[in-house]
Amino acid sequence: MRGGVFTALCSGAVTSAQIVLADQSLVHPEIAEIMAIEADADYGAYLASECTACHSPNPQGAIPQIHMLPESYIVGALVDYRIGERQHQVMETIAKRLGEEEIAALAKYFSEVE
Amino acid sequence: MKLNRRTVLSGLAAGSAVLAAPMVMAQGAPRVVVVGGGAGGATAARYIAKDSGGAVNVTLIEPTRQYYTCFFSNLYLGGVRDMDGLGHGYGTLAADYGINVVHDWAVGVDRDAKTVALASGATVPYDRLILSPGIDFKDGAVPGWDVSAQSAMPHAYKGGSQTELLKAQILAMPEGGRFAMVAPPNPYRCPPGPYERVSMVAHTLKEINPTAKILIVDPKANFSKQALFEEGWQKHYGGMIERIGPDFGGENVSVNPSEMTLDIDGVVEQVDVCNVIPAQKAGEIAHAAGITEGDWAPVNAADMSSKMDEAIHVLGDAAAQGDMPKSGFSANSQAKVCANAVLGALTDSRVFPAKFSNTCWSLIAPEDGVKVGASYEATEEKIASTGGFISETGEDEATRAQTYQESVGWYAAITSDMFG
């Protein structure tokens, strides 16, 4: 089911936030738990500095923009990398050492920063 | 337009990146001095200025007005990037972040008085000093070579004019000529760098001088991404590249720049271009500050502070920190941990756990990119790896092209992260 969610997310037909909020039965329990955490904005800003070495608000090449993405999309992507549902050597290495509070903080930060 | 208080304030508010103009700098604000405007120093200066919102007075001392990155300079040798695309100025750091950018050489540190002496004769006081001077070369590392020979035999291991010189020499090689590289011993800046360079030189020669040969003289038995490079050399440049390792005298080499010869364990080789990358040490200012042990400056992993002086932090290539390779990515990562710790010490802002990461991309041929990387954490002893990855041999062309395009994205992002 997770793969189905992600395929829909990547298709761009609807936003991840719409999907996640529209049908809670599709939501991986880990994502729901993280979305319920009250994010630490300061910690998110600090953690985000690791991401901005590669992710620019004005992206070039093959590294996507993550600024201003919906919070639920970022949480979903990081959880997918963490559990191996989505594969990328760099992102899996980064995500596997992130705790739930850290994912929540990062998602909050990038969903709001331009 | 006539300026009054209201227009000045609205002007400040309108500029979203205006964070700490000198005119609003708090009197008596703590002073951070950063020496070296590369991946470590420029990033640290920018983050401290940005995150302090003017509460910290930041001075960046960097001799060059236009900084040419060493990372991606091999792509210039391969004709994949132009030199202008590797150059970056400091205007945004000065104008938008309120950083006092001083184009001068730092030549001494008085640790008791907490001042930095500049070549111009000025002194700059600090509460915290961040040294990010990169590398210098060890005297006598390659007998016959010193900096006076770097025109005849360029190192091209600091970005800019040396890189341009080496490329000009490659383009001027006679048909069927010979390019030699004297590779450095560990540890040195950018572990895959010499081998990416060989790849890019081979690409250029394959295009314009296909019967030319490349000779690598290497004191190391093994090198970074070796299987990936050797597979790629066979695929793209079969028969062009020969490597002499320590088993066959690669650690016993001297050069004669006036004759353009190398003596490899008693066998003299005549070459047309000789790229000498000598053994390295921390940039001279770290030694002048008296915070080195041997060739490098040991640091505490949690905040990159010197093990010899808690008011001094050392970033990037110059630091002896543990498991991270000496790379621009590593320096940028360390700078953010350091900036957070320095701000916490000077302004009581929150300090978070140190986290580090690094990825080194290398280009074997156009659109044939590979990568190696890892995440790291701070332990009492050192910066320690928590897990890593490396590209695999035999990957398909689409994967390699994607990896190269990632490196293009990374270059744009990290230079924006450094220079604003």
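The values are calculated or read from the model by the stated rules, or taken from the named source; none is laboratory data. These figures come from a predicted structure and were not determined experimentally. Glycine also receives a Cβ, built like all others from the backbone with ideal geometry; neighbour counts cover every protein chain displayed.
Figures for the structure shown
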| quantity | calculated |
| --- | --- |
| Selection from region B:399-420 of residues that are charged (D, E, K, R) and over 25 Å from B:Gly40 (Cβ atoms) | B:Arg400 |
| Close pairs from region A:87-101: first facing chain B (nearest Cβ under 9 Å), partner in a loop (DSSP other than H, G, I, E, B), Cβ under 7 Å, at least 6 apart | A:Glu92/A:Gly84 |
| Matching residues in region B:214-226 - criterion: being surrounded by 14 or more Cβ atoms within 10 Å (Cβ to Cβ) and within 17 Å of B:Thr393 (Cα to Cα) | B:Phe223, B:Ser224, B:Lys225, B:Gln226 |
| Residues of region B:365-418 satisfying the condition of being among the charged types (D, E, K, R), closer than 22 Å to B:Ala335 by Cβ and crowded, with 19+ Cβ neighbours inside 10 Å | B:Lys371, B:Glu406, B:Asp417 |
| Any pair with Cβ under 6 angstrom, 6 or more apart, that starts in region B:103-131 at a residue that is under 15 Å from B:Ala288 (Cβ atoms) and ends at one that is at pLDDT below 95 | none |
| Any hit, region B:191-203, residues being crowded, with 23+ Cβ neighbours inside 10 Å, closer than 18 Å to B:Ala141 by Cα and either of a type in the set (A, V, I, L, M, F, W, C) or in contact (Cβ under 8 Å) with a residue 40 or more places away in the chain (or both) | yes |
| Within region B:141-248, strands (runs of 3 or more DSSP E) holding 3 or more residues that are β-branched (Val, Ile, Thr) and at pLDDT 95 or above | B:213-217 |
| Qualifying residue in region B:287-309 (condition: assigned to a strand (DSSP E or B), closer than 30 Å to B:Val255 by Cβ and among the polar types (S, T, N, Q)) | no |
| Those residues of region B:303-328 which are touching a Ser or Thr at 6+ places or on another chain (Cβ under 6 Å) and of a type outside the set (Asp, Glu), in sequence order | B:Ile312, B:His313, B:Val314, B:Leu315, B:Gly316, B:Met324 |
| Checklist (1) without any contact (Cβ under 8 Å) to a residue 60 or more places away in the chain; (2) farther than 25 Å from B:Thr386 by Cα; (3) touching a helix residue (DSSP H, G or I) at 6+ places or on another chain (Cβ under 7 Å) applied to B:Ser349, failing item | (1) |
| Residue that is nearest to A:Met35 (Cα to Cα) [pool: residues in region A:51-75 that are hydroxyl-bearing (Ser, Thr, Tyr) and within 7 Å of another protein chain (Cβ to nearest Cβ)] | A:Thr52 |
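Condition check ((1) over 30 Å from B:Tyr195 (Cα atoms); (2) loosely packed, with under 15 Cβ neighbours inside 10 Å) across all residues:
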site	(1), (2)
B:Leu77	no, no
B:Asp84	no, yes
B:Asp110	yes, yes
B:Ala113	yes, yes
B:Ser120	yes, yes
B:Asp127	yes, no
B:Pro133	no, no
B:Phe137	no, no
B:Val142	no, no
